[in-house]
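> Submitted below is the structure of interest, expressed as structure tokens.
The values are calculated or read from the model by the stated rules, or taken from the named source; none is laboratory data. Model, not experiment: these values are computed from the prediction. Note: ideal-geometry Cβ built from the backbone for every residue, glycine included; neighbour counts use all protein chains shown. Side chains included, ligands, DNA and RNA excluded: accessible areas come from the protein's heavy atoms. Shrake-Rupley method; radii C 1.70, N 1.55, O 1.52, S 1.80 Å.
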Amino acid sequence: MSTLDINFVRSQFPAFQEPSLQGQAFFENAGGSYTCKPVLDRLTRFYTQRKVQPYAPYQASRLAGEEMDEARTRMAAILGVDTDELSFGPSTTQNTYVLAQAFRQWMQPGDAIIVTNQDHEANSGPWRRLAEEGIDVREWQIDPQTGSLNPQDLENMLDEKVRLVCFPHCSNVIGEINPVTEITAIAHAAGAFVCVDGVSYAPHGFPNVGELGPDIYLFSAYKTYGPHQGCMVIRRAIGELLPNQAHYFNGDVLHKRFTPAGPDHAQIAASAGMADYVDLLCDHHNGPGSGAAARAAFVHDLMRAHEVALLQPVLDAVKDRNNVRLIGTSDATQRAPTVALSLNTDAEAVAADLNDHGIMAGGGDFYAVRPLQAMGVDPEQGVLRVSFTHYTSQQEIDQLLGALETVL
């Protein structure tokens, strides 16, 4: 089966059967997705049967620990990395902050780091603060018209002093998908490590981080149909090089080195439900019978094909309106279905108007102040953002297009 079965997909999300949500089309998925049933089932089971300190010999504790280990093992396999190269933390913002502290200790004054002004502030601010320690923070700037990052510009910024290059897989307002493998190769050739913020990309299909090649890859499980956890891939070479940030006695355990806070047992265990969901979709659509990464890649492509087909009409409907500026490319194949519109009025007020038509969307700066300013958008006025994912139906797209036509 090469076409996503949208009815099967929606049957896996209890929100679509929830009476209080009927008639409302959810278009703020970039802020957080609905949670799939396998995750909810695992979370409920953990809290009702296994809410004890894990890894002790008695049964409830043993099963609790086994579920936590299962989540790490299966999600790491989906991401194409070793099990201990995946860490869980309270959020991506917190994970990035901890990483920045590790780099702060490891780097020397005069060393350089490259950030972009395309990023959500979570993958920009913590790195920029390293300037307080004498680190040379360089900004790889977007094109002010298109919002794109040009890899050639990065090449011109790299030298022997650069230790780390940070950029997003895609921006949460611009939406264009960056060529991670190409950019990573450019940075590695110059001797720099690479940190990719995947928060806005991973909801549209889990990437094979091992094949993409970055040294660090971060995303948020609550945007990939799961619990509120930050997922952080740290490849072994950089993970063992940076100073330990956790308890000293955990310093020799890679997946614990950069999570100083105590783990959220239940939510880590429930993260295995994301892998359950990938398996359900793969099997229902007659995908590969084995290989976690191959099965996830099959599901990724199903999701993307469905999203691209729904996204192009939305982009076509707004790209030429004289009272709207579409942020980013109008080619659906080159972007995520996260559509930000700069208007000639307050974006939050327009989002409120859309609510009257059953459209759940948002207005504001979405912590993307730097890219908006770089593109000449007033963050105080903000942008209207309509964002969806693979569980969005054609009927909901039609509802959105009708509402936008009326409101705009």
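> Could you work out the Kirkwood radius for the range 42-274, taking every pair of different alpha carbons, averaging 1/r and inverting it, reported in Å?
Working: mean 1/r = 0.0551 Å⁻¹.
Taking the inverse mean of 1/r over all distinct Cα pairs, the range 42-274 comes out at 18.2 Å.
> Something else: Okay, helix-only estimate at 222 nm for the chain: each DSSP H run of n ≥ 4 adds -39500 (n - 2.57), divide by all residues, round to 500 deg cm²/dmol; what do you get?
Taking each H run of at least 4 residues, the total per residue is -11500 deg cm²/dmol.
> In debye, nearest 20: dipole of the chain around its Cα centre with unit charges on the Cβ of K, R (+) and D, E (-)? Before the final figure, lay out each step's value.
Details: 28 positive and 49 negative charges, 205 e Å.
The calculation lands at about 980 debye.
> Counting only other residues whose beta carbon sits under 13 Å from that of residue 380, what net charge do I get with K and R as +1, D and E as -1? Kindly include the intermediate steps, with their values, before the conclusion.
Working: positive: none; negative: 346, 348, 365, 378.
Charge balance near residue 380 sits at -4.
> Right, something else. Roughly how many Å is it from the Cα centre of the range 12-41 to that of the range 308-337, as a whole number?
24 Å
> Related question: For the chain, what class follows from the C-alpha gyration tensor (a ≥ b ≥ c being the square roots of its eigenvalues): rounded when a/c is under 1.5, otherwise prolate if a/b is larger than b/c, else oblate? Write out the running numbers ahead of the final one.
Numbers: a/c = 1.74, a/b = 1.09, b/c = 1.60.
Because a/c hits 1.5 or more and a/b fails to exceed b/c, the chain counts as oblate.
> If you don't mind, there's one more thing I want to ask. Please arrange 62, 236 by accessible surface area, largest first, computed with a 1.4 Å probe and ligands excluded. Provide the component values of the computation, followed by the final result.
On the way: 62 100, 236 75 Å².
Order by accessible area, largest first: 62, 236.
> In whole angstrom, how far apart do the alpha carbon centroids of the range 353-380 and the range 223-246 sit?
About 29 Å separates the Cα centre of the range 353-380 from the one of the range 223-246.
> May I ask which residue of 340, 374, 289 lies farthest towards the positive end of the charge dipole of the chain, with charges of +1 (Lys, Arg) and -1 (Asp, Glu) on Cβ and the Cα centre as origin?
Value computed over the given set: 289.
> Determine, at each q value in 0.12, 0.16, 0.19 (inverse angstroms), the log₁₀ of I(q)/I(0) that the Debye formula gives when each Cα of the range 307-373 is one equal point scatterer.
Taken in order of the listed q values, log10 I(q)/I(0) reads -0.33, -0.60, -0.85.
> Using a Cα-Cα cut-off of under 19 Å, which lysines could be cross-linked to residue 223, ignoring same-chain neighbours fewer than 8 residues away?
The reachable lysines, counting only those whose Cα sits under 19 Å from residue 223, are 37.
> For the chain, with every protein chain kept in place, what is the accessible area per residue (1.4 Å probe, Å²)?
Details: 15880 Å² over 408 residues.
That works out to 39 Å² per residue.
> Of the heavy-atom accessible surface of the chain (probe 1.4 angstrom), what whole percent is carbon and sulfur? Kindly include the intermediate steps, with their values, before the conclusion.
Numbers: 7680 of 15880 Å².
Carbon and sulfur: 48 percent of the exposed surface of the chain.
> What percent does the relative contact order of the chain come to when contacts are Cα pairs within less than 8 Å and at least six residues apart?
Numbers: 822 pairs, mean separation 95.5, N = 408.
Once normalised by length, the contact order is 23 percent.
> Right, something else. Give, as a single signed number, the net charge of other residues whose beta carbon lies under 11 Å from the beta carbon of residue 235, with Lys and Arg counted +1 and Asp and Glu -1. Before the final figure, lay out the partial values.
Numbers: positive: 236; negative: 82, 84, 85, 215, 240.
Summing Lys/Arg as +1 and Asp/Glu as -1 gives -4.
> Work through the residues other than residue 32 whose Cβ is under 15 Å from its Cβ and net out their charges, Lys, Arg +1 and Asp, Glu -1.
Numbers: positive: 223, 385; negative: 28.
Result for the neighbourhood of residue 32: +1.
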